[in-house]
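Notes follow once the structure below has been shown.
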Amino acid sequence: MFKVPPVSARRLQELLRAMPKAELHIHIEGSLEPELIVALAQRNDLPLPYASVESLRQAYAFTNLQSFLDIYYAGASVLLHEQDFYDMARAYLARAAMDNVAHAEIFFDPQTHTARGVAIETVISGLHRACEDARSELGISSTLILCFLRHLSEASAFETLEQAQPLLGKIVGVGLDSSELGHPPEKFARVFARCRELGLHLVAHAGEEGPPAYIWSALDVLKVERIDHGVQAVHDAALMQRLAQDRIPLTVCPLSNQKLCVFPDLKNHNLRQLLDAGLCATVNSDDPAYFGGYINENFTQVFAATNMTARHAYQLAFNSFEASFASNADKRVWEHRLKETFERFVEHD
Ligand code: ADE
Ligand code: ZN
C-alpha cells in the first residue's frame, strides 16, 4: 500500500473531493431531487400532495428508516416512462462525475414501479441507456444492481426475477433493501441461491438498523459478496474478525446514518473504528437527494466530524475500487489515478 504522508486539514478536504472514487451504494430513486419530482409529476400529469419544491423538501425530516421509506416510495411514484428513468439516472451520473466518481454501481427497486403497472423493461432500458450515454459523454463507468424489496414476499421477488430474466445482460447483480427489522435475509435464501446460479453478483443491506445476526445470515445464508451499511457489526467481535479476515466490503453511508438516527450525531459515527479494525469499509451516499449530500459531502462531513486522516482517505478510495465488481484492468487504472492524485497533493502542500 502507498505510504501516505500527512496533509493539512484544509488540503485534506480538497483531496477528499479531488480523489477518484467508486460509489457502490446509491439507490437511483433516492437521487430524485425535489425539483425533478415536481417536474416529472407535471410532465406525467400526476397529482402531488405537496404544493411546492420547498414544502416537499420540508417533509424530509426522518426518525428512522421506515419514516424515510414512506416518503421515498411516494417520490418514486412520479416515474412512468423510459425517459423518466433515463433523466433520473443521467442527472445522478452527471452529479457523480462532478464528485470525481470514476465508477458507480447503481441500485434500483423494480417492484416499486411494476406494482404501479410500469413494465420492468421500461425501468431497466431507461437506466441502462443513461449508463451508456454517461460513459461516452462524461467518461464515468456505471452498472446496475436490481434490489428486491424485503418487506414483500419471496414469491414477489421470484416473480421479479422472472420478469428481469430477458434483461439480465443489463445488470451486474442483485441486492436486498427496504424495511430491515422483521425481514431477515433468510426470507430470500432461495431467491439468492437462484441468482447465484445465474452468475449474478450478490449484495444485501444488513446491520443498518438490524442486529449483527442479519449480517451473519447475509454472509452465510445468502452468500453475499458485500454488506450494505453493516455498521451494527461493531457489536459482535467475532463478526468483526470475520469481516476483516475475509475482506468483506461494507458500503457505509454516513449522512444516511445520521439522518435516519442510526447515530445521534456524525461525530459518533463508527467509520473510523471499522477502518482501524482492518475492515474494507467504503463511503457512499445511499439516497443523496433525501439525506443532504452526494458522495463528496459524505466524505468531507464525516472526516470533519471524526478527525480522520489522509491515510484513511486513501484507504477508503482504494477500498471502493477493490470492492467494486469492475474488471481487474479497470481497477488498476483507477488505483493508479488515485496514487497520482495523492502524490500531486502532497507535493504542493
Ligand atoms: N432503500 C433506499 N434507501 C434505503 C436504505 N437506506 N435502507 C434500506 N432500503 C433503502
Ligand atoms: Zn441503501
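Side notes on the structure shown:
- Residue-averaged [θ]222 nm for the chain, counting only DSSP H segments that reach four residues, each worth -39500 (n - 2.57): -15500 deg cm²/dmol
- Peptides 250-262, 76-88 ranked from most to least packed, by the mean per-residue count of other Cβ atoms within 10 Å: 250-262, 76-88.
- Here each label is just a point 7 Å from Cα along the line to Cβ, and for GLU162 and VAL333 those points are 4.0 nm apart.
- Across ALA323, ALA41, ALA238, mean-square fluctuation computed from a Gaussian network of the chain (C-alpha pairs under 10 Å connected) peaks at ALA238.
- Highest-fluctuation residue, ARG190, ARG90, ARG43 considered, GNM on the chain with Cα pairs under 10 Å: ARG43
- Put in line by how crowded their Cβ is, counting other Cβ atoms within 10 Å and starting with the fewest, THR300, THR63 read THR63, THR300.
- Tensor-based shape of region 1-67 (alpha-carbon gyration tensor, a/c under 1.5 rounded, otherwise prolate or oblate): prolate
- Taking Lys and Arg as +1 and Asp and Glu as -1, the other residues whose beta-carbon sits under 10 Å from that of ARG242 total -3.
- Positive dipole terminus of region 19-303, leading residue within HIS81, GLN111, HIS229 (C-beta point charges): HIS229
- More than 32 angstrom apart: percent of Cα pairs within region 19-303: 19
- Here LYS3 and ASP133 are evaluated by their C-beta separation; at R0 = 41 Å the FRET efficiency comes out at 0.55.
- Region 268-334 and region 174-252 have Cα centres separated by 19 Å.
- Sequence-distant aspartates and glutamates (8 or more away, or on other chains) whose Cα lies within less than 13 Å of LYS339: GLU347
- Of the residues HIS229, HIS183, the one with the fewest other Cβ atoms within 10 Å heads the list, and the complete ranking is HIS183, HIS229.
- Hits among lysines - C-alpha to C-alpha of LYS223 under 18 Å, sequence gap 8 or more where chains match: LYS187
- With 32 Å as the limit on Cα-Cα distance, the pairs of LYS170/LYS331; LYS3/LYS267; LYS170/LYS267 that go past it are LYS170/LYS267.
Only the coordinates and a few stated rules stand behind these numbers; no lab work does. Keep in mind that what you see is a predicted model, and the values were worked out from it rather than measured. Methodologically, a virtual Cβ is constructed for each residue, glycine included, from the backbone with ideal geometry; neighbour enumeration extends over all protein chains shown.
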